[in-house]
């Protein structure tokens with residue numbers, strides 16, 4: 001029987017491959033969270049890149065950029081394929097934001113790696129994107145060189161078996177128009193239009209825009225006007241697609257509509273733009289307000305002043321949600337420094353604080369890798385709620401953690417010693433107070449037996 005996780009991951013991939021982006025958006029964040037909790041970094045990277053790509057195609061560049069930033073610190077450690085996808089996506093976003101030089105730089109890096117790995121499908125996309133760079137620079141001959149390379153790769157991998165790769169042909173039409181090769185453009189338009197259901201492709205919008213440019217170049221404004229009207233009606237409920245055609249529609253309407261009607265159309269357009277800007281500003285203001293009122297100020301109350309890690313209040317506020325969302329069994333782990341009072345008495349409270357900060361820093365880095373909720377519980381005591389598959393893996397984790405902590409030193413020569421109590425639960429519901437109580441009892445037993453080790457609570 002398939003796990004819930006497997007079913008979810010399959011749905012995410014199915015929606016993405018089918019370019020069903022609204023359905024994809026509904027599931028992707030949950031899928032990413034589950035992948036992170038399971039420690040499946042390959043899937044995390046794959047889904048993050050798909051998230052960035054989907055939002056890019058949906059023209060939501062802000063979220064696309066954030067998704068790419070989430071990978072920034074770890075991308076160099078990923079597979080060549082992932083690095084190629086990352087660089088190509090970053091180039092595409094820069095291109096959309098008109099930073100062409102940054103776009104070209106990332107494309108060249110991606111191309112070099114794709115050629116080394118013989119990743120032909122992504123290489124085709126990269127060559128297409130380089131074509132865009134030279135087109136925007138009005139260097140049409142160079143653009144055609146890269147476009148032809150993309151077409152050659154396209155044929156090699158049989159990409160057009162069912163449907164043509166529309167954006168390549170759209171770019172070819174645009175170049176033909178700029179070079180006044182109208183017969184070639186017309187032939188290519190007819191070729192694309194001969195395919196059934198071609199309008200259902202996500203890249204079809206690029207084809208429409210190229211055709212409109214062609215029709216306007218031949219002063220066939222009426223045809224362009226009707227085509228854009230049709231597309232705007234088709235996408236009336238899709239704000240981003242509607243916006244994509246609206247500006248071009250205004251330019252065409254100037255040549256078709258009577259002056260009085262055109263002025264009304266223009267007024268409607270400006271009203272629409274102003275409303276869009278108003279909504280964007282409001283959304284931005286809401287995000288800023290939310291940051292300061294919730295994220296920022298509330299987070300300050302969640303930070304321990306000495307160690308700058310999360311505190312007991314954070315545990316109280318967020319643990320219930322965390323326990324409800326976690327999909328694996330859970331361990332509660334409590335630890336503190338052995339003979340901490342003696343440390344303070346011998347070396348002073350400054351060194352005592354230094355020991356607490358050392359424990360916090362090392363433990364936070366360790367438990368962060370295990371997707372744990374980690375807090376300073378009080379004094380020299382720390383607590384972690386850690387997703388873990390079984391008790392055997394918990395034992396291994398505790399052995400590793402204790403060895404790592406005992407390798408630390410303070411006051412130049414003193415070795416850090418800690419005692420650990422833990423409990424393991426594999427059945428819902430998880431109750432925070434019970435977990436803490438059991439882990440604390442296990443820690444107490446360690447203290448009674450001489451310290452400097454760990455114990456796992458065993459129910460009688």
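All of the numbers you see were taken from the coordinates with simple rules; none came from a lab. If you're wondering where the values come from, they're calculated on a predicted model, not measured in any experiment. Backbone-built Cβ (ideal geometry, glycine too); neighbour counts: all protein chains shown.
The angle separating the long axis of helix 204-217 from the principal Cα axis of greatest extent in the chain is about 30 degrees. Rg over Rh for region 4-274 works out to 0.99, both radii taken from alpha-carbon positions and Rh defined as the Kirkwood radius. The ranking of 454, 47 by Cβ neighbour count inside 10 Å, starting from the fewest, reads 454, 47. Mind checking the angle between helix 221-234 and the chain's longest principal axis? C-alpha axes, 0 to 90 degrees, to the nearest 10. Computed tilt is about 30 degrees.
Global dimensions of region 312-456 from alpha-carbon coordinates: Rg and Dmax equal 14.9, 46 Å. Averaging 1/r across all pairs of distinct Cα atoms in region 369-421 and inverting the result yields a Kirkwood radius of 12.6 Å.
With the convex hull of the Cα atoms taken as the outline of region 84-225, the averaged projected area works out to 8.6 nm².
Helix 259-290 axis versus longest C-alpha principal axis of the chain: approximately 10°, rounded to the nearest ten. Peptides 125-134, 435-444 ranked from most to least packed by the mean count of surrounding Cβ atoms within 10 Å: 125-134, 435-444.
Working note: Debye formula, equal point scatterers on the alpha-carbon atoms of region 1-99, no solvent; log10 I(q)/I(0) at q = 0.12, 0.17, 0.20, 0.23 Å⁻¹ is -0.37, -0.74, -1.00, -1.27.
Ranked by the mean number of other Cβ atoms within 10 Å per residue, highest first, peptides 83-95, 259-271, 110-122 order as 83-95, 110-122, 259-271.
For region 157-265, build the convex hull from the C-alpha positions and give me its volume per residue in Å³.
106
Counting only DSSP beta bridges with both residues in the chain, the antiparallel share comes to about 90 percent. The share of C-alpha pairs in the chain whose separation exceeds 41 Å stands at 39 percent.
Can you give the helix-only mean residue ellipticity at 222 nm for the chain, where every DSSP H stretch with n ≥ 4 adds -39500 (n - 2.57) and the sum goes over all residues, rounded to the nearest 500 deg cm²/dmol?
Values: 20 runs with 313 residues, N = 460.
After summing the helix terms and dividing by residue count, I get -22500 deg cm²/dmol.
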